[in-house]
Structure formats: C-alpha cells, structure tokens
Amino acid sequence: DAASHIPKKRFTVEKPAQACAFSPCASVLAVASTTGEWWVLDCESGKVLSTYKSGPEQIDAMAYSPDGSKIAIGSHDNFVYLFSCENLTAEYKYVGRCAGHSSFITHLDFSEDGKVLQTTSGDYEHLFWDSESGDQITNTKELRDVSMATYTCTLGFPVCGIWPPGYDGTDINSAVRSHNSTLVATSDDFGLVNVFRYPCCSPKAEWDVYRGHSAHVTKVRFLLNDQELFSLGGRDQSIIQWGLN
C-alpha cells in the first residue's frame, strides 16, 4: 500500500525472483527466476496457476500485451519467448521465440495494439518484432505510426536524450515513461534517479535529479496516478518512494 507503506500481499516462489509482470487486469502476476523458470500466480491467493521454463538462463524482462492475450519473456540466452494466454488463469500456449539479438535481453515493450514488440539487449541493440510470428521487423516504414503501450527500453528516438555526456551504455539500468506520457524516469549506476520530460530527444535536455540510494539503482516505476515514483536499489537493498509535483 503506497500510503501506509505496508505490504498488502506476500507470495513465495521456489527460486530467486528476477523479474515480474502484472496482467493488464491485475488478476494474475507472472514471476520469473534466475534459472529460466517462471510462474503465473493468482493475485488474490498467491496460488501458482501454471509453471513454465523459457531457456536455461535467468529472465530479466517480461510483459503482457495491453489486451492480456500475450506475454513476452526476455532471457539471458538472447531470445524472447512468446506465449498466448487468452485465458489468463489457464495453461499458456507457446507461440515461438524472437531470435536476432547477440546479447541478453534487458528490456521489452508491446505496442498499443499488441502487434509489435520492441527489445533492447546487453550489447545496446534496439530491435522490433512481430509479436504474432516472432519475426524481426527490419523495414522502418512499418514502424512509422506505431505507438508503444509502455516505454521501458533505454534506447530509441523518444529517449535518446536520457544519456548525459560521459555516460556509457551500462550506466543507465532502467527507464520508464509515465502513464500520461509526459515524463520519463531513469535509474543509473551512480545511485541517482533522474526525471526528464517525455519525449526526450535532445542531448541537451534538462532533468531533475533525486538522491537517496547509496549504490546503483536497478529499477524505476511510476504508480498508476503518476504522482509517485518507486526506485529499487541494488547493493543497498532498499525501495524508495518519491513524490512528484
């Protein structure tokens, strides 16, 4: 609970958790591990509804499509695994995988219509995929009018200004666009949380800096009302809640 800072639910999974994603209706929660295994949990009871394994390595990114009919799993084995989930509480059907990255998957987002998937990887590739077939989209004309439902990738024209001078490709760990598409927040290796105007396309963009973590910050996410931002620390193992005016 964001107001009381008290956990409303507490669930347990068999292996160390590495990534998670709520379904759009918030009825189920997908949780991925460091071993390639992932589970779908009922959000009320915490009961494990189904179990899967996507590759032999840890999973760093996962997301449901806006209509909840698909889920994408980004693995350390360089692949994105696609599953169909027309019934969120039933067994998911494996559709295929996106093959083309030459390093591990770091972030992924669906388009608003759920037909396109964008991904970034550890070697700073930014690729696009047909979420139905898993085929890579290489014709940029096909992407001209595509709007992303979320933006957590750290690369791309709308966020090319989030990289201050002197930053290298490893320094920004996480990015997230606000739900009203007016802000983009990032977290970095210097213990900082940064907030920019969105879209952020200028290398001279101004931003606000929030200090509180004592080590690198691994993740940032806005609450649904965009009035609060949460950041997850790495070595300091802390979660900080920020109020935005």
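The values are calculated or read from the model by the stated rules, or taken from the named source; none is laboratory data. Because the structure is a prediction, the values reported are computed rather than measured. Positions of Cβ are backbone-derived with ideal geometry, glycine not excepted, and every protein chain shown enters the neighbour counts. What goes into the accessible areas is simple: the full protein's heavy atoms, side chains included, and nothing from ligands, DNA or RNA. Shrake-Rupley method; radii C 1.70, N 1.55, O 1.52, S 1.80 Å.
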When only residues in the stretch 233-245 that are in contact (Cβ under 8 Å) with a residue 24 or more places away in the chain and aliphatic (A, V, I, L, M) count, which is farthest from residue 194 (Cα to Cα)?
240
Looking at this structure, is residue 97 within 22 Å of residue 38 (Cα to Cα) and not hydrophobic (A, V, I, L, M, F, W, C)?
yes
Please go through the stretch 1-16 and pick out each residue that is of a type outside the set (S, T, N, Q), within 12 Å of residue 41 (Cα to Cα) and either surrounded by fewer than 10 Cβ atoms within 10 Å (Cβ to Cβ) or touching a His at 6+ places or on another chain (Cβ under 8 Å) (or both).
10
Being at pLDDT 95 or above, of a type outside the set (Lys, Arg) and closer than 18 Å to residue 107 by Cα: is that true of residue 182 here?
no
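Report the residue count in the stretch 64-82 for those that are over 16 Å from residue 101 (Cβ atoms) and crowded, with 21+ Cβ neighbours inside 10 Å. Let's see the steps before the verdict.
Going through the stretch 64-82, the residues over 16 Å from residue 101 (Cβ atoms) turn out to be 64-71.
Filter again for crowded, with 21+ Cβ neighbours inside 10 Å, leaving 64-65, 70-71.
The number of residues fulfilling the criteria is 4.
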Number of positions in the stretch 21-49 that are closer than 25 Å to residue 99 by Cβ and surrounded by 16 or more Cβ atoms within 10 Å (Cβ to Cβ)
11
Counting only residues that are surrounded by 17 or more Cβ atoms within 10 Å (Cβ to Cβ) and either part of a loop (DSSP other than H, G, I, E, B) or touching a helix residue (DSSP H, G or I) at 6+ places or on another chain (Cβ under 8 Å) (or both), how many does the stretch 208-223 have?
2
Of the residues in the stretch 144-161 that are in contact (Cβ under 8 Å) with a residue 24 or more places away in the chain and over 17 Å from the mean Cα position of the chain (by Cα), the one that is least open to solvent (accessible area, probe 1.4 Å) is 161
Are there any pairs, at least 6 apart or on different chains, whose C-beta atoms fall under 9 Å, with the first in the stretch 12-35 and under 11 Å from residue 63 (Cβ atoms) and the second open to solvent by 40 Å² or more (accessible area, probe 1.4 Å) and of a type in the set (Phe, Trp, Tyr), and if so, which?
30/22
Considering each residue of the stretch 224-245, count those that are within 16 Å of the chain's Cα centre (by Cα), surrounded by 15 or more Cβ atoms within 10 Å (Cβ to Cβ) and assigned to a loop (DSSP other than H, G, I, E, B), and give that number.
0
If residue 89 passes every condition in (1) open to solvent by 30 Å² or more (accessible area, probe 1.4 Å); (2) free of Cβ contacts under 8 Å to residues at least 60 places away in the same chain; (3) among the polar types (S, T, N, Q) but one, which one does it miss?
(2)
